[in-house]
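The values are calculated or read from the model by the stated rules, or taken from the named source; none is laboratory data. None of the values given here were measured: they were computed from a predicted structure. Positions of Cβ are generated from backbone atoms using ideal geometry, with glycine treated the same way; all protein chains shown enter the neighbour counts. Only protein heavy atoms, including side chains, enter the accessible area calculation; ligands, DNA and RNA are left aside. Shrake-Rupley method; radii C 1.70, N 1.55, O 1.52, S 1.80 Å.
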Amino acid sequence: MGGPVIDITDCFLQRGDGSGRFIVGIERLRLMPGEQIALTGPSGCGKSTVLDMLALVLRPTAARCFTLRTGAEPAADVAALWRGAARGRLTRLRAAGIGYVLQTGGLIPFLSVGENTLLTRRLLGLPCPGPADRLLEELGIAGLRARLPRHVSIGQRQRVAIARALAHEPPLILADEPTASLDPASAEATMALLTAAARRHGAALVVVTHDRALAERHGLTIALCQPRAHGSVLHYDGAAEPGDGP
């Protein structure tokens with residue numbers, strides 16, 4: 001497999017000081033290609049903060065180990081890049097290595113469904129359409145290619161966001177409450193499409209969700225953000241590899 005897509009040890013972000021401090025910690029997180037987990041936990045425990053750290057959007061206060069593998073080359077030392085304030089390298093790493101599905105879709109309103117799907121490929125200078133057309137077909141929205149986001153339903157916008165996140169074939173897909181604004185039937189369909197699409201493309205998937213039962217129905221492994229004094233902590237060692245076990 002070439003090693004984990006993402007490997008983190010003792011990474012934390014602290015907000016505030018003294019008795020008012022809140023610390024979101026990733027004690028351990030290791031994900032292999034194709035592995036799928038759901039981050040769950042009580043409201044306000046920092047699940048979205050964890051996702052933003054994984055997305056290289058929020059700089060952690062400290063990290064002992066934080067690596068991201070985007071291809072056959074050695075894993076990038078994200079912790080060292082943060083320490084060196086290498087913003088350009090972090091931006092390129094985020095663009096090439098991560099697909100992010102926002103809760104509201106996050107589509108560009110003046111771009112068509114098709115152009116939204118191709119956006120990251122164009123920014124990276126990748127040939128178009130690549131797998132974008134196939135993704136639109138797989139997600140059942142190929143017929144909406146010419147429409148603007150305001151002319152499609154909320155559920156369809158989420159499918160476009162999934163297609164865009166996968167179109168540049170990143171090894172890591174992040175999704176922040178992708179079903180929160182959907183009715184139960186649409187939530188089931190969207191989660192099924194997201195997990196199936198990530199699986200077909202061999203990407204590791206991290207979904208933040210308040211609906212643990214929904215995640216379990218679609219085969220995601222639960223990774224719990226556990227409340228602690230002045231914050232929360234996540235510990236997930238990853239799926240067992242061949243040869244692991246008692």
- Sort C225, C65 from largest to smallest accessible area, using a 1.4 Å probe on the heavy atoms of the protein chains. C65, C225
- Would you mind counting up the charge near T61? Only other residues with Cβ under 13 Å from its Cβ, with Lys and Arg at +1 and Asp and Glu at -1. +3
- Message: Using a 1.4 Å probe on the protein heavy atoms only, what accessible surface does Y236 show? Give it in Å² to the nearest 10.
- Response: 30 Å²
- Message: Compute a Gaussian network model of the chain, connecting alpha carbons closer than 10 Å, and tell me which residue from T195, T40, T91 fluctuates the most.
- Response: T91
- Note on the structure: The answer for the net charge of residues other than R94 whose Cβ lies under 13 angstrom from its Cβ, with Lys and Arg +1 and Asp and Glu -1, is +3
- Ordering of 157-165, 184-192 by packing [mean C-beta count within 10 Å, highest first]: 157-165, 184-192
- Hey, what angle do you get for helix 184-200 against the long axis of the chain, alpha-carbon based, 0 to 90 degrees rounded to 10? 80 degrees
- Message: How large a share of the accessible area of segment 61-210, in percent, is made up of carbon and sulfur atoms when the probe is 1.4 Å and the other protein chains stay in place?
- Response: 55 percent
- Applying the gyration tensor rule to the Cα atoms of segment 51-113 (axes a ≥ b ≥ c; rounded if a/c under 1.5, else prolate if a/b exceeds b/c, else oblate), the class is prolate
- Message: I need to check one value: relative contact order of the chain, counting alpha carbon pairs closer than 8 Å and at least 6 residues apart, in percent.
- Response: 30 percent
- Item | H235-A142 FRET efficiency (beta carbon distance; Förster radius 35 Å; 0.05 resolution) | 0.25
- Does segment 1-93 come out rounded, prolate or oblate, given a ≥ b ≥ c as the square roots of the eigenvalues of its C-alpha gyration tensor, rounded meaning a/c under 1.5 and, failing that, prolate meaning a/b above b/c? oblate
- Message: Which of rounded, prolate or oblate describes segment 97-232 when judged by the alpha-carbon gyration tensor and an a/c cut-off of 1.5?
- Response: prolate
- Task: Leaving ligands, DNA and RNA out of it, rank R134, R145 by accessible area with a 1.4 Å probe, largest first.
- Result: R134, R145
- Item | segment 66-199 - charge dipole about Cα centre, Lys and Arg +1 at Cβ, Asp and Glu -1, debye rounded to 20 | 480 debye
- Item | the chain: calculated mean residue ellipticity at 222 nm from DSSP helix runs of at least 4, using -39500 (n - 2.57) | -9500 deg cm²/dmol
- Task: Tally the DSSP beta bridges in segment 168-242 and give the antiparallel ones as a percent, rounded to 5.
- Result: 45 percent
- Query: Angle between the Cα long axis of helix 154-167 and the longest principal axis of the chain, 0 to 90 degrees, nearest 10?
  - Reply: 70 degrees
- Query: If you line up the long axis of helix 87-97 against the longest principal axis of the chain, both from Cα atoms, how many degrees apart are they, to the nearest 10?
  - Reply: 60 degrees
- Message: Between G105, G114, G125, where does the largest GNM mean-square fluctuation fall for the chain, given springs only between Cα atoms within less than 10 Å?
- Response: G125
- Item | segment 37-91 versus segment 136-184: alpha-carbon centroid distance in Å | 24 Å
